[in-house]
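For reference, the structure discussed in these notes is given below.
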Amino acid sequence: MNETRALVPTRHQDIRRDLLLIAEMVTPQSRLLDVGCGDGSLLEYLASEKQVDGRGIEIRQSGVNACVARGLSVIQGDADSDLPDYPDAAFDYVVLSLTLQATRNPRKVLHEMLRIGRRAIVSFPNFAYWRVRAQLLLGGRMPMTAALDDPWYETQNIHLCTIKDFDQLCARDGIAVEQRIAVDGHGKRLGGAPANWFGAQAVYLLHRR
């Protein structure tokens, strides 16, 4: 006889730091699409804490199964191929957390997010982080950090970028940066330190100009 597992709602202390920063950017009771939503932690947290009407896309069947077990509305799909199926301005926010660098065409994905959402929220690891620079300079090998934790021959990351790279892309493509938060290797917000040197990850809130 199968037992139904009692699901414990995602709590503040259980959620990834970058996902908490994303949650801070989201307005209560908004409509949101989480692309590459994983096990649904962010969607569940937003539904509980901000009464957000959330939907998700996840490429891995195991992730979809975990989301469905949480009672979330998630389908299996790929950011590179499935976003064009969504109508314009269907959501208030479209989120892509630590996944942009793993897409085949990150620029196209970014523009699709801004087409179907009034705002886009993107987080990614910063390849100009000082620990990355130091490992390349001193060790001469592909770096590994908390945000880049797979060896080069197993990583899904194919389009790594820096904070400065992303800023330049936004400026070039007419994308307005409403908010940018950089965090260090411990997930703490940077103060006045240069983000491109000391930011292990960055979180952006974007909209079209």
Q) Name the pairs: first residue in segment 122-138 and closer than 20 Å to residue 156 by Cα, second residue modelled with pLDDT of 90 or more and open to solvent by 80 Å² or more (accessible area, probe 1.4 Å), Cβ to Cβ under 7 Å, at least 6 apart or on different chains? A) 128/164; 128/197
(Q) Of everything in segment 125-158, what is of a type outside the set (Lys, Arg) and not in a loop (DSSP other than H, G, I, E, B)? Give them in sequence order. (A) 125, 126, 130, 132, 134, 135, 136, 137, 138, 139
Q | Filtered residues of segment 100-144 (kept if open to solvent by less than 10 Å² (accessible area, probe 1.4 Å) and of a type in the set (Phe, Trp, Tyr)) | A | 124
Q. In segment 174-195, how many residues are out of contact with any Gly (no Cβ under 7 Å at 6 or more places or on another chain) and open to solvent by less than 30 Å² (accessible area, probe 1.4 Å)?
A. 6
**Q.** Residues located in segment 165-185, provided they are touching a residue at least 60 places away in the same chain (Cβ under 8 Å) and not hydrophobic (A, V, I, L, M, F, W, C)
**A.** 173, 179
Q: Just give me the residues in segment 41-70 being in contact with an Asp or Glu (Cβ under 8 Å, 6 or more places away or on another chain) and not in a helix (DSSP H, G or I), in sequence order.
A: 54, 55, 56, 57, 59, 70
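Condition check ((1) more than 12 Å from the chain's Cα centre (by Cα); (2) of a type outside the set (D, E, K, R); (3) under 27 Å from residue 165 (Cβ atoms)) across all residues:
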{"residue": "54", "(1), (2), (3)": "yes, yes, no"}
{"residue": "63", "(1), (2), (3)": "yes, yes, no"}
{"residue": "73", "(1), (2), (3)": "yes, yes, no"}
{"residue": "85", "(1), (2), (3)": "yes, no, no"}
{"residue": "97", "(1), (2), (3)": "no, yes, yes"}
{"residue": "116", "(1), (2), (3)": "yes, yes, yes"}
{"residue": "123", "(1), (2), (3)": "no, yes, yes"}
{"residue": "133", "(1), (2), (3)": "yes, no, yes"}
Q: Residues being surrounded by 15 or more Cβ atoms within 10 Å (Cβ to Cβ) and either in contact (Cβ under 8 Å) with a residue 40 or more places away in the chain or more than 15 Å from residue 101 (Cα to Cα) (or both): count how many of those fall in segment 145-158.
A: 3
Q: For residue 77, indicate whether it is of a type outside the set (Lys, Arg), under 19 Å from the mean Cα position of the chain (by Cα) and buried (at least 20 other Cβ atoms within 10 Å of the Cβ).
A: no
(Q) Of everything in segment 159-173, what is in a loop (DSSP other than H, G, I, E, B) and open to solvent by 70 Å² or more (accessible area, probe 1.4 Å)? Give them in sequence order. (A) 159
Q. What tally of residues in segment 67-98 results from selecting those that are modelled with pLDDT of 95 or more and among the basic types (Lys, Arg)?
A. 0
Q) For residue 101, are the conditions met, namely being more than 17 Å from the chain's Cα centre (by Cα) and either under 28 Å from residue 163 (Cβ atoms) or modelled with pLDDT of 95 or more (or both)? A) no
Q. Taking interchain pairs and intrachain pairs at least six residues apart, which have beta carbon atoms under 7 angstrom, with the first residue in segment 186-205 and within 11 Å of residue 127 (Cα to Cα) and of a type in the set (S, T, N, Q) and the second open to solvent by 40 Å² or more (accessible area, probe 1.4 Å) and not in a strand (DSSP E or B)?
A. 196/164
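The values are calculated or read from the model by the stated rules, or taken from the named source; none is laboratory data. The structure displayed is predicted, hence computed values, not measured ones. Positions of Cβ are backbone-derived with ideal geometry, glycine not excepted, and every protein chain shown enters the neighbour counts. Calculation scope for accessible area: heavy atoms of the full protein, side chains included, ligands and nucleic acids excluded. Shrake-Rupley method; radii C 1.70, N 1.55, O 1.52, S 1.80 Å.
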